[in-house]
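One structure is given below, encoded as structure tokens.
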Amino acid sequence: VIAHRIELLEQSAKTIERICPHLKVDIQGGGHKASKHAQVVVGGVQSLGMPGAAPEILTQLAPSLVIVDEAHHASADTYQRIFQRTGCYDPLGPMLVGYTATDHRLDGQSLSGDQCVFEEVAYRYPLRKALADGWLVDVQGYKVDLDINLDKIKKTAGDYNESALERVMNTEPVNEAAFKGWEEIGGRNLKTIVFCVTIDHAKDVAEIFRDHGVKAEAIWGDMGSEARAETLRKFAGGEIDVVTNCQILTEGTDIPTASCILMLRPTKSWSLYVQMVGRGLRPLPGVADAHSEPLFRCSAIARSAKPKCVVIDVVDNSVAHRLSGKPDDGSTPSLNEMFGLPSTLDTEGATISEALDVFEDLDEAVQASTRQRPTKFTGIKAKVAQFQM
């Protein structure tokens, strides 16, 4: 099993051990060294894919299956070295399987098909189905509108240039507006993860929250792993109410106690956007997995201490005028589009489940019209209710 951060290595190893207690599972990387007797090795990309000689564990293990976590990274050179070293591209080599919630890359590179890392997409599980099946909590979206225009910010590799974006986003008026929007929505009662542009931005936002009496801390990639783990432990345990971060909680991190996502890091990347929102969508432990039927899972989530996740998008003044789009057409990511709703539909205050139920009751012509112009969900809901009466 291949992953790219120590938190993901440890998380994957614990999950495999819980589900398959009869297997010997070891970690290779992040200060850990796998035993030659291991049946499953959860390995770090840097440890297994570094230039030079292949790590001894790869020849000792002779895997029959290679699993890639966050597989949208699989085209990178480090991953390619691992695939070559384990014989994944050989006719009789191990099967290569990748898992990702976001198979759309900003560079437009496909992950499956001829001359690609993977031959085909074997299975897709849409987020809206995961929501309906009771594996995700419901979502309630809000927007904090700012008097800025991100269209003027230059792009690097398809996304906003980090330095240019920080100059616009990391200002006291923007950070204060984000805090006030969060507070007005009821953020003080929600365990919140804030996504920021840079390390300085994460630190500055945490300071603003603390200035307003909120227990908040920042974490980032270069922070010591022990200090980072301690901060996350305090967040999960209730000692900290808000964690701000820069590019560290965007992928795979399992923090089910988080019930609010504050997006202070605008992006053109659908992959990054979905990853950030996804950090708040997991139900509390023992709620959904205690039931075998979707209806019972959904009911259990609705009755739990975390029935939904609040997602707050801090947006510029041009977003409201953009038409709905898809990940492959260069459009700006949106919470609605993640679940198959048009971004032109203003669902603020409603849950995604409620909006889906109403939208799917509309005829095709009305749905198409909604995708072409800004539309208030409250108006559509009232018309549907009137028609049903």
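The values are calculated or read from the model by the stated rules, or taken from the named source; none is laboratory data. Quick caveat: nothing in here was measured; it's all calculated off a predicted structure. Don't worry about glycine lacking a Cβ; one is built from the backbone with ideal geometry, like all the others, and counts go over all protein chains shown.
Assorted remarks:
- Filter result for R265 (in contact with a Phe, Trp or Tyr (Cβ under 6 Å, 6 or more places away or on another chain), of a type outside the set (D, E) and in a loop (DSSP other than H, G, I, E, B)): yes
- Selection status of T100, touching a Ser or Thr at 6+ places or on another chain (Cβ under 9 Å) and modelled with pLDDT under 90: yes
- Counting only strands (runs of 3 or more DSSP E) that sit completely within segment 81-198, those holding 2 or more residues that are not assigned by TED's automatic domain parsing to the domain that holds T253 correspond to 95-99.
- Matching residues, segment 79-99, being crowded, with 19+ Cβ neighbours inside 10 Å and either over 31 Å from the mean Cα position of the chain (by Cα) or polar (S, T, N, Q) (or both): T86
- Considering residues of segment 230-249 that are more than 19 Å from the chain's Cα centre (by Cα) and outside any loop (DSSP other than H, G, I, E, B) only, the residue nearest to I199 (Cα to Cα): T231
- Considering (1) of a type in the set (A, V, I, L, M, F, W, C); (2) farther than 28 Å from D254 by Cβ; (3) crowded, with 20+ Cβ neighbours inside 10 Å, the lone condition that A164 does not fulfil carries the number (3).
- Unmet criterion (only one of (1) over 30 Å from V277 (Cα atoms); (2) of a type outside the set (A, V, I, L, M, F, W, C); (3) at pLDDT 90 or above; (4) buried (at least 19 other Cβ atoms within 10 Å of the Cβ)) for P55: (3)
- If you go through segment 252-298 and keep only what is of a type in the set (S, T, Y) and in contact (Cβ under 8 Å) with a residue 12 or more places away in the chain, you end up with T253, T257, S259, T267, S269, S271, Y273.
- Yes/no for L281 being surrounded by 21 or more Cβ atoms within 10 Å (Cβ to Cβ), at pLDDT 95 or above and closer than 26 Å to V197 by Cα: yes
Yes or no, residue by residue, for (1) in contact (Cβ under 8 Å) with a residue 24 or more places away in the chain; (2) on the phi < 0 side of the Ramachandran plot:
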| site | (1), (2) |
| --- | --- |
| P94 | yes, yes |
| V121 | no, yes |
| G134 | yes, no |
| D138 | yes, yes |
| D159 | yes, yes |
| N170 | yes, yes |
| G186 | yes, no |
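- Number of the exception - D222 against (1) modelled with pLDDT under 95; (2) closer than 29 Å to R233 by Cβ; (3) touching a Phe, Trp or Tyr at 6+ places or on another chain (Cβ under 9 Å): (3)
- Conditions (1) at pLDDT 90 or above; (2) more than 28 Å from S269 (Cα to Cα): number failed by I380: (1)
- Looking only at segment 352-383, and only at residues there that are touching a Pro at 6+ places or on another chain (Cβ under 9 Å) and polar (S, T, N, Q), the one that is nearest to D145 (Cα to Cα): T375
- Enumeration of residues in segment 52-71 that are of a type in the set (G, A, S), without any contact (Cβ under 8 Å) to a residue 24 or more places away in the chain and under 20 Å from G93 (Cα atoms): A53, A62
- Any hit, segment 163-176, residues being in contact with a strand residue (DSSP E or B) (Cβ under 6 Å, 6 or more places away or on another chain) and not aromatic (F, W, Y): no
- Condition met for E251 (charged (D, E, K, R), in the same structural domain as K143 (by TED's automatic domain parsing), closer than 26 Å to T332 by Cα and modelled with pLDDT under 95): yes
- Candidates G44, G49: the one that is closer than 12 Å to V1 by Cα and touching a residue at least 12 places away in the same chain (Cβ under 8 Å) is G44.
- Filter pass, A305 being assigned by TED's automatic domain parsing to the domain that holds L165, surrounded by fewer than 12 Cβ atoms within 10 Å (Cβ to Cβ), at pLDDT 90 or above and under 19 Å from V139 (Cα atoms): yes
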